[in-house]
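Comments concern the structure below.
The values are calculated or read from the model by the stated rules, or taken from the named source; none is laboratory data. These numbers come from a predicted model, not from an experiment. A quick note on method: Cβ atoms are made from the backbone with ideal geometry, for glycine too, and the neighbour counts reach across all protein chains shown. The protein model used for the area step is the full one, side chains on, heavy atoms only, and it has no ligands, DNA or RNA in it. Shrake-Rupley method; radii C 1.70, N 1.55, O 1.52, S 1.80 Å.
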Number of protein chains: 4
Amino acid sequence: MTISIETAREVLQSQPFSKLLNAELVRFSSECVELRLPVSDQVKQQNGFVHGGVVSYAADNALTFAGGAVLGLAVVTSEFKINYVRPAKGHALIARASVIHAGKTQAVCRCEVFSLTSDREVLCAVAQGTIAAIHGCNNA
Amino acid sequence: MTISIETAREVLQSQPFSKLLNAELVRFSSECVELRLPVSDQVKQQNGFVHGGVVSYAADNALTFAGGAVLGLAVVTSEFKINYVRPAKGHALIARASVIHAGKTQAVCRCEVFSLTSDREVLCAVAQGTIAAIHGCNNA
Amino acid sequence: MTISIETAREVLQSQPFSKLLNAELVRFSSECVELRLPVSDQVKQQNGFVHGGVVSYAADNALTFAGGAVLGLAVVTSEFKINYVRPAKGHALIARASVIHAGKTQAVCRCEVFSLTSDREVLCAVAQGTIAAIHGCNNA
Amino acid sequence: MTISIETAREVLQSQPFSKLLNAELVRFSSECVELRLPVSDQVKQQNGFVHGGVVSYAADNALTFAGGAVLGLAVVTSEFKINYVRPAKGHALIARASVIHAGKTQAVCRCEVFSLTSDREVLCAVAQGTIAAIHGCNNA
C-alpha cells in the first residue's frame with residue numbers, strides 16, 4: 001500500500017486545527033514525513049518564542065503521518081514523549097518524522113523538530129511515540 | 001513564595017497561542033492547577049474530535065503552570081510524555097496538573113486531561129513531565 | 001475475569017530475572033499492584049544507591065502486572081516513561097501501580113516507586129506506560 | 001574534557017548491578033556509547049525472552065554513559081522513555097546511545113537496543129531521555 005502525498009495532504013487539510021496553524025506536508029513517504037508551519041505571532045508564548053504546545057502539535061502530527069505512511073491514514077497517536085532542547089524561533093517550524101518499527105496495527109516513530117531562521121535549521125525538540133491504526137486494536 | 005492566580009492569569013494572557021485557544025486558568029495553587037479551553041470547530045481534527053495537538057497543548061501548559069506554582073512563573077517544560085486514552089469531544093477541555101516532586105530548579109508534574117460534555121468529565125489523556133526554572137539550570 | 005494473587009505470583013516466580021532480584025508481589029488486584037524487592041548490595045550503583053536500572057525494572061514490572069490484572073496475565077509492557085525524583089536507598093523498593101484506562105487489548109497505567117527506610121516510604125520515581133495483551137494486537 | 005574509555009569502564013565496574021549483569025562498555029566517546037551484556041538464563045522472563053527490566057537497564061545505563069561522555073561521569077539519568085518493539089533474545093544485548101543536545105548541566109540522549117543472534121543485530125527497543133550532571137542543578 002502506497003499512499004500519495006496528495007491524499008495525505010487532503011487529510012491534513014481536513015483537520016481544522018492544522019489549517020488554523022497553516023501546517024503543510026512537504027514530504028510524505030514511508031521513509032520520512034516532513035510537516036512545516038509558519039511562525040506567526042499567534043503561535044508564540046510570552047517571551048516571543050514558539051509556544052511549546054505548537055512544537056508538540058508539530059511533533060505529534062508529524063509522528064501520526066509517519067505512522068500513517070506505513071499503516072494507512074486511519075491512524076491516531078497513542079502516546080508520545082517530547083524533549084524540548086532549545087527555544088523555537090525563526091520564521092517556520094519543520095517537523096521530520098520516520099518509522100523505527102512497524103507492526104500490523106502499530107508503529108513506533110521518532111521525530112525531530114527544527115526552527116528555521118533564514119536557511120538555517122536549528123534543532124529545538126525531539127520526540128518518540130506510538131501510532132495506532134484506528135480499525136486495528138487501539139485503546140478506544 | 002506564593003503566586004496569586006491573578007499573576008498566573010496575566011502570564012497566560014501574555015501567551016498569544018493561549019489567547020488564540022481561549023485558554024483560561026480556573027485554579028492555580030501549589031496543590032493543583034486547572035486550565036480550561038472551549039472546544040470550537042477550529043481545534044478539531046478530521047473526525048470531529050479535538051486534535052491531539054490541542055490536548056497536548058493543554059497538558060503541556062497545565063504542567064508548566066503547575067511547576068510554576070512552586071518554582072516561580074519563569075519556567076519552561078523541559079520534557080513531557082502523554083498517553084491519549086479516549087478521543088476528546090464535548091464543549092470544553094479541562095487539564096488538571098499537580099506537582100509530584102519539586103527540587104530547587106526542577107519539578108516533576110503529572111496531568112490529567114478531561115473532556116467536558118454537559119457536566120460530565122471524561123478522561124482523555126494523562127501526562128507526566130519535567131518543568132525547569134529558566135534562570136536555574138535549564139537545558140538552553 | 002478475576003486473577004488470583006497466587007496465579008500472579010506464579011508468573012512472577014517464573015521470571016528468572018525477578019527471582020534473581022527477589023521480587024515479590026505484595027498486592028495484586030485491578031485496583032492496585034504492589035511489587036517489593038529487597039535492596040541488597042548487588043542492586044546498587046557506584047554511589048551506594050539503588051541502580052536506576054533496578055528502579056526501572058520495578059516500575060516496568062509493576063506496570064505490567066497492573067495491566068495484567070485487567071487484561072489477563074499474557075501481557076507485555078509496550079512502552080513506559082520514568083522520572084527519577086530522588087536517589088533510592090533504604091532496605092527495600094516498593095513499586096505501586098494502577099490502571100488509568102483499560103481498553104480491550106491495552107491498558108495505560110501509572111506507577112510510583114518508593115524506597116523504604118525503617119518504616120518510612122520515600123518517593124523515588126514515577127512512571128507511566130502502556131501494557132498490551134500479547135494475543136491482542138501488540139507490536140510484535 | 002575528554003574522558004577515556006578506561007575511566008568510564010572503571011565507573012561501570014564500580015556499579016555492583018552492572019557487574020551482576022556482566023555489562024561492559026565496548027565504545028565510549030562523545031559520538032557514541034555502546035554497552036553490551038550477555039543473555040544468560042537469569043536475565044529472562046517467563047517466555048524465555050530477555051526481561052524488559054534488563055532491556056530498560058541497558059537503555060538507561062547507555063543513556064547515562066552517553067551523557068557522561070559530554071558532561072563528565074558524575075551524572076544520573078533524570079528521566080527516560082522506552083518503546084519495546086520486539087522481544088529480545090539471542091546471546092547478547094547491545095545498547096547504543098548518543099547525545100542529541102547537550103547544555104552545561106543536562107544532555108538529551110537517544111538509545112537503540114539490539115539483540116544479537118549469531119552476528120545479526122535485531123532492534124528490540126528505542127529510548128530517549130535526559131541525563132543530568134550531579135553537581136549541576138539536578139532534581140535532588
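Structural remarks
- Degrees, to the nearest 10: C:52-71 long Cα axis against longest axis of chain C: 30 degrees
- Rounded if a/c under 1.5, otherwise prolate or oblate - segment A:24-140, Cα gyration tensor axes: prolate
- Sites D:L123 and A:T2, calculated FRET efficiency, Cβ-Cβ separation with R0 35 Å, nearest 0.05: 0.90
- Taken over segment C:65-111, the alpha-carbon convex hull comes to 88 cubic angstrom per residue.
- Cα shape, segment D:89-132, gyration tensor, a/c 1.5 rule: prolate
- For segment A:27-46, a drop of 10 Å² or more in accessible area on going from the chain alone to the assembled protein chains (1.4 Å probe) is found at A:D41, A:Q42, A:K44, A:Q45, A:Q46.
- Area of D:K89 that stays accessible when all protein chains are in place (1.4 Å probe, Å², to 10): 110 Å²
- Take C:T7, move 7 Å from Cα toward the beta carbon, and the resulting point lies 4.3, 5.5, 5.5 nm from the same point in each other copy, nearest first.
- Taking the Cα centre of the protein assembly as shown as origin and assigning +1 to Lys and Arg Cβ atoms and -1 to Asp and Glu Cβ atoms, the resulting dipole is close to 0 debye.
- Label-point spacing at A:S118 relative to the other copies reads 5.3, 6.0, 6.4 nm, in ascending order, each point sitting 7 Å out from Cα along Cα→Cβ.
- The protein assembly as shown shape via C-alpha gyration tensor axes, a/c threshold 1.5: rounded
- For chain D, a Gaussian network of Cα nodes joined below 10 Å ranks D:G72, D:G53, D:G129 by mean-square fluctuation, and the top entry is D:G53.
- Euclidean distance between Cα centres, segment B:1-52 to segment D:79-140, Å: 34 Å
- Taking the charge dipole of chain C about its Cα centre, with +1 at Lys and Arg Cβ atoms and -1 at Asp and Glu Cβ atoms, the residue from C:L12, C:S98, C:L123 reaching farthest to the positive side is C:L123.
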